[in-house]
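**Student:** The structure follows.
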Amino acid sequence: MYIIIKNFTNLVTKKCTTFIGCKDRKKSVQEAVARKIATVLQRYPDGESLKDTHPKQIRRKSKRKPAIPPQEKVKKVFSYINKHPNCNTTDVVAKTKLSSRTVERCIAELKQQGFIEHTGSKKLGGYEAVAPND
């Protein structure tokens, strides 16, 4: 493993010094590469997990919240419209904390399935839940 790292360091140093165009930076480039290699070796001390991974694949886990499934978003929009008849999209966006595009997509799906309908004018109207036909 040491031979691979040494060859990699020499290769990167040659590429960087020719790209930069001066030999004065050779030492700083070598130090930077050595620091990066040291951090990778600290993270993976056995070296076995590095064999089949590309350097770009070694990333930290993201701290994003898990996405809400589309069905849950539609249910959320429908329950708000059902509880608050004659509400418009801006009300739904503000209360459900979904994006306006997501709310528009959910409303279009609910309209297509026949669960809600738009009442009133385009400017001042709102959405209402349709009573089921039994």
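All of the numbers you see were taken from the coordinates with simple rules; none came from a lab. Quick caveat, the model's predicted, so the values are computed rather than measured. When we count neighbours, we look across all protein chains shown, and the Cβ atoms used for this are built from the backbone with ideal geometry, even at glycine.
**Student:** How much length is gained if the chain between Ser99 and His84 is pulled fully straight, taking 0.36 nm per residue apart and subtracting their Cα-Cα distance, in nm to one decimal?
**Tutor:** Using 0.36 nm per residue and subtracting the Cα-Cα distance, I get 3.5 nm.
**Student:** Compute the length gained on full extension between Ala131 and Gln112: take 0.36 nm times their separation in residues and subtract their Cα-Cα distance, giving the result in nm to one decimal.
**Tutor:** Additional length available on full extension: 5.3 nm.
**Student:** Something else: With a ≥ b ≥ c taken as the square roots of the eigenvalues of the C-alpha gyration tensor of segment 64-134, please select rounded if a/c is under 1.5 and otherwise prolate if a/b is larger than b/c or oblate if it is not? It would help to have the intermediate numbers written out before the result.
**Tutor:** Working: a/c = 2.07, a/b = 1.39, b/c = 1.49.
In terms of gyration-tensor shape, oblate.
**Student:** Okay, moving on. For the residue pair Asp91 and Thr39, what label-to-label distance in nm results when each label sits 7 Å from Cα along the Cα-to-beta-carbon direction?
**Tutor:** Inter-label distance under the simple model: 5.1 nm.
**Student:** Next up: Given H placed 1.01 Å from N in the peptide plane, which residues other than close sequence neighbours of Ile116 have an amide H under 5 Å from its amide H?
**Tutor:** Excluding prolines and chain starts, which carry no amide H, the hits are Lys111, Val130.
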